[in-house]
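Here the structure is laid out as structure tokens; the discussion comes afterwards.
The values are calculated or read from the model by the stated rules, or taken from the named source; none is laboratory data. Quantities reported herein were computed from a predicted structural model and do not represent experimental measurements. As a convention, Cβ positions derive from the backbone with ideal geometry for all residues, glycine included, and neighbour counts pool all protein chains shown.
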């Protein structure tokens, strides 16, 4: 492994894993779940080890609102004195990689288990991306979007907060394919994706859900009007022409907005509402081709 394993440890004493053959490890220590949540907000970790003082704390950990976020990208291991079967199974069902008796996890065992858990997690993430990525843009596709929304909606049941789903229908992709070819249309889709991504927060998700449709998941919004403002801003950003195959290509955009919890609490219902609105709305902008080699196109990556 070329890079050290970043391991976040919650417990009384951080383990010394410096001599382990399963490393190298960089261990970051925190004292409680609040500090753990703050650390996860600051950076990504390969592994998270959570020591619990007694087995009775495991149901509390299972109900911890941030657990769903922690297991999304990191291999999470839980250590407890005598983890009961039902509590251990429940944690694994929630995405925890290992639930281990504390007395059996010295530094050597912990290093081995953490490294193997990290490798399993990487394989899991790679497999998930393989079936859940739109190959033309590299964005999450419909399946990955629904998975992400399900995790986020489960979190919102425990930590209520408003969120929104925006749909953008792009008019002009089919015309570009007809006139310039399939690869040019794919280049245009990738440039649309880059421009959408650049106008959002790191916590927001952009997904490709069809040949001419993109969806943006706003993980939280301060008020209902924010979603409409973001949709208008993104649509406006796409009005600038794109340079494709030596030509200026313009697209038109129609948008739809579905807000949680005001307009739905299920992922399918929110997606249908947003896409339905985008399909019914009148597209704004001009879909077509400018003069060859025009200089008005934005410099998108």
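What the table shows:
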{"read-out": "Residue within the stretch 39-48 that is more than 25 Å from the chain's Cα centre (by Cα) and free of Cβ contacts under 8 Å to residues at least 60 places away in the same chain present", "value": "no"}
{"read-out": "Matching entry among 108, 114 (being loosely packed, with under 15 Cβ neighbours inside 10 Å, farther than 30 Å from residue 226 by Cα, in contact (Cβ under 8 Å) with a residue 12 or more places away in the chain and not assigned by TED's automatic domain parsing to the domain that holds residue 265)", "value": "108"}
{"read-out": "Options 253, 249, 230: the member that is under 20 Å from residue 200 (Cα atoms), touching a helix residue (DSSP H, G or I) at 6+ places or on another chain (Cβ under 6 Å) and touching a residue at least 60 places away in the same chain (Cβ under 8 Å)", "value": "253"}
{"read-out": "Number of the exception - residue 25 against (1) surrounded by 17 or more Cβ atoms within 10 Å (Cβ to Cβ); (2) under 21 Å from residue 154 (Cα atoms)", "value": "(2)"}
{"read-out": "Tally of residues being under 25 Å from residue 194 (Cα atoms) and at pLDDT 90 or above across the stretch 147-171", "value": "10"}
{"read-out": "Strands (runs of 3 or more DSSP E) contained in the stretch 220-301 and holding at least 2 residues assigned by TED's automatic domain parsing to the domain that holds residue 150 and modelled with pLDDT of 90 or more", "value": "242-244, 247-260"}
{"read-out": "Residue among 17, 8 that alone is part of a strand (DSSP E or B), in contact (Cβ under 8 Å) with a residue 24 or more places away in the chain and surrounded by 17 or more Cβ atoms within 10 Å (Cβ to Cβ)", "value": "8"}
{"read-out": "Hey, residue 129 within 30 Å of residue 78 (Cα to Cα) and at pLDDT below 85 or not", "value": "yes"}
{"read-out": "Top-ranked residue in the stretch 79-99 [being crowded, with 17+ Cβ neighbours inside 10 Å and under 20 Å from residue 125 (Cβ atoms); ranked as modelled with the lowest pLDDT]", "value": "94"}
